[in-house]
1. On the basis of being over 14 Å from residue 46 (Cα atoms), among the charged types (D, E, K, R) and touching a Lys or Arg at 6+ places or on another chain (Cβ under 8 Å), does residue 124 make the cut?
2. Sort out for me the strands (runs of 3 or more DSSP E) sitting completely within region 20-128 that have 1 or more residues that are open to solvent by less than 80 Å² (accessible area, probe 1.4 Å), modelled with pLDDT of 90 or more and farther than 28 Å from residue 9 by Cα.
3. List pairs: first in region 78-95 and farther than 18 Å from residue 60 by Cα, second outside any helix (DSSP H, G or I) and charged (D, E, K, R), Cβ under 9 Å, 6+ apart or cross-chain?
4. Please verify whether residue 112 is among the small types (Gly, Ala, Ser), closer than 30 Å to residue 16 by Cα and in contact with a helix residue (DSSP H, G or I) (Cβ under 7 Å, 6 or more places away or on another chain), treating the condition exactly as stated.
Amino acid sequence: GVTQLLVTITDEVEQIRDRIAELNRSLEKIDFKEGRFLRLEVQDVTHESLRTLQRALKTLRAAYLRRDEDSEQHFKALQEVIRLVREAVEKKHTLHARALLDPRYRVEFHGAEIDRSTQELTSKFKGSQSGSGGEKEIIASYILSASLCYALSPGEGQPPLHATIILDEAFSKSSRSVARRIIN
């Protein structure tokens, strides 16, 4: 059961990667700046709680192979894996537990600006540590636009399924020029 839970979480991480790849295909279609586009890069995050569980699973696998010789070690290793998972479930709101049980805490994203002609990285950013407020606004708006394009497009990547989109508050904080650029 624990193995099935962990395989399911790993599969969900792959689904996140696939969705980001789809968003990147949408982002690549539009110039972020002249001759450049944005790309979201996914990076694995391995919290200490996950490393602890991986060590416990490794110990369990080794004990399983030697269970004929020492079934008590096999039982203790299994007991430790169950304890770690049970503790994470009981404390599900802690970072420790989320890193173990929630696939969204197993990856993080970085933005990259890519030169369209050379496909080379021109700049990289993470969070809001650099750039002006206007630059951050434009980046967030582009990613929101790509998300809308992804959500409204069929799996084959054809044009959106819906021709009319009502943007209630999606761009309400944007300047007119940024909103017009994003919508175009």
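1. On the way: over 14 Å from residue 46 (Cα atoms): yes; among the charged types (D, E, K, R): yes; touching a Lys or Arg at 6+ places or on another chain (Cβ under 8 Å): no.
Against the criterion (over 14 Å from residue 46 (Cα atoms), among the charged types (D, E, K, R) and touching a Lys or Arg at 6+ places or on another chain (Cβ under 8 Å)), residue 124 does not qualify.
2. Details: elements: 36-44, 107-115, 121-125.
So the answer is 107-115.
3. Pairs found: 92/102.
4. Details: among the small types (Gly, Ala, Ser): yes; closer than 30 Å to residue 16 by Cα: yes; in contact with a helix residue (DSSP H, G or I) (Cβ under 7 Å, 6 or more places away or on another chain): no.
Considered against the rule, which asks whether it is among the small types (Gly, Ala, Ser), closer than 30 Å to residue 16 by Cα and in contact with a helix residue (DSSP H, G or I) (Cβ under 7 Å, 6 or more places away or on another chain), residue 112 comes out as no.
The values are calculated or read from the model by the stated rules, or taken from the named source; none is laboratory data. The model shown is predicted, which means the values in this text are computed figures rather than measured ones. Glycine gets a Cβ as well: all are built from the backbone with ideal geometry, and neighbour counts include every protein chain shown. What goes into the accessible areas is simple: the full protein's heavy atoms, side chains included, and nothing from ligands, DNA or RNA. Shrake-Rupley method; radii C 1.70, N 1.55, O 1.52, S 1.80 Å.
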